[in-house]
Amino acid sequence: MAQQEIKKSWLSRYSFIFWIVIIGFIYYWSITSLSFSGLQASAGSVTKSIIHGLFHPQWNYFYDGSGEDLFTQILQTLAIAFLGIFISSILSLPFAFWAARTDRKHKIHWRSTSGKIVLVFVRAFPEIVLAIMFIKAVGPGSFAGVLALGIHSIGQLGKLFSESIETMDTGANEALQSAGGNKLDVLFLATIPNIIPSLISYTLYQFEIAVRSASILGMVGAGGIGTPLLFAIQTRDWSKVGIILVGIIVMVTLIDFISGTLRKKLS
């Protein structure tokens, strides 16, 4: 018995060596599999042009009243992210209750397991892939971006919402049931009020991610600030690229700050 305990303690103490070897092998395999063909001859000049453009942005592009300026495109990007998250926050609730495991009596719960599989399938497709698919269906523009963000975020928010349902305090539910409340009473008077702070917090967090994603979706034609950014890069208008990147940085920073402040108040 003492020998078995010594053996177990030795394995638990030095098991990290095994994982270090495994991780080291994966890194070695990954690095040796890369084929590096060297830097382009124009890499130096392009890098200098990009840095010069970042420090000398085209300020007159910020707003010129044409509807194609930076300010308008940033508003469009925020609108795409907001509408996408608004749609997904509503549609993900049924999926969350489907995937949430509330019955702990059985090891395998087929209802929640099937719901989790569906949510994994939905969020397996990146937003940019969904945007390309929706562009083929509804045409290029903001509508395709809203659909791409909305559908993808259902998978992510559904997962987070279901975890919130699984870990919530069930005291209010049990009290309402003992008082004679039916399932609808428990749902609307106990469950939903209990998880609303978590749902709002997760939605705000996902909105931060959606703003970043919406900035990129325009590069494939799904509206937002990504479209003029792509055109500016293709035409090597680095001063315009600079002002667009400054706008994206400021927008993302403000959204992160506001969202983080609201989430702290909810926690």
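Tabulated results
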quantity: Conditions (1) open to solvent by less than 10 Å² (accessible area, probe 1.4 Å); (2) within 18 Å of the chain's Cα centre (by Cα): number failed by ILE216; calculated: (1)
quantity: Enumeration of residues in region 136-150 that are of a type in the set (A, V, I, L, M, F, W, C) and surrounded by fewer than 21 Cβ atoms within 10 Å (Cβ to Cβ); calculated: ALA137, VAL138, PHE143
quantity: Members of region 151-165 found to be open to solvent by less than 50 Å² (accessible area, probe 1.4 Å) and either hydroxyl-bearing (Ser, Thr, Tyr) or out of contact with any Asp or Glu (no Cβ under 6 Å at 6 or more places or on another chain) (or both), listed by number; calculated: SER153, ILE154, GLY155, LEU157, GLY158, LEU160, PHE161, SER162, SER164, ILE165
quantity: Matching entry among VAL252, VAL246 (being in a helix (DSSP H, G or I), surrounded by fewer than 19 Cβ atoms within 10 Å (Cβ to Cβ), touching a residue at least 24 places away in the same chain (Cβ under 8 Å) and in contact with a Pro (Cβ under 8 Å, 6 or more places away or on another chain)); calculated: VAL246
quantity: Selection within region 13-63 - of a type in the set (S, T, N, Q) and in contact (Cβ under 8 Å) with a residue 40 or more places away in the chain; calculated: SER49, GLN58
quantity: Out of PHE125, PHE82, sole residue that is open to solvent by 30 Å² or more (accessible area, probe 1.4 Å) and modelled with pLDDT under 90; calculated: PHE125
quantity: Search result, residues across region 224-233 that are more than 18 Å from the chain's Cα centre (by Cα) and either more than 11 Å from LEU245 (Cβ to Cβ) or of a type in the set (Phe, Trp, Tyr) (or both); calculated: THR227, PRO228, LEU230, PHE231
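The values are calculated or read from the model by the stated rules, or taken from the named source; none is laboratory data. Model, not experiment: these values are computed from the prediction. Cβ coordinates were reconstructed from backbone atoms using ideal geometry, including for glycine residues, and neighbour counts include every protein chain displayed. Remember, those area values only see protein heavy atoms, side chains included, never the ligands or the DNA or RNA. Shrake-Rupley method; radii C 1.70, N 1.55, O 1.52, S 1.80 Å.
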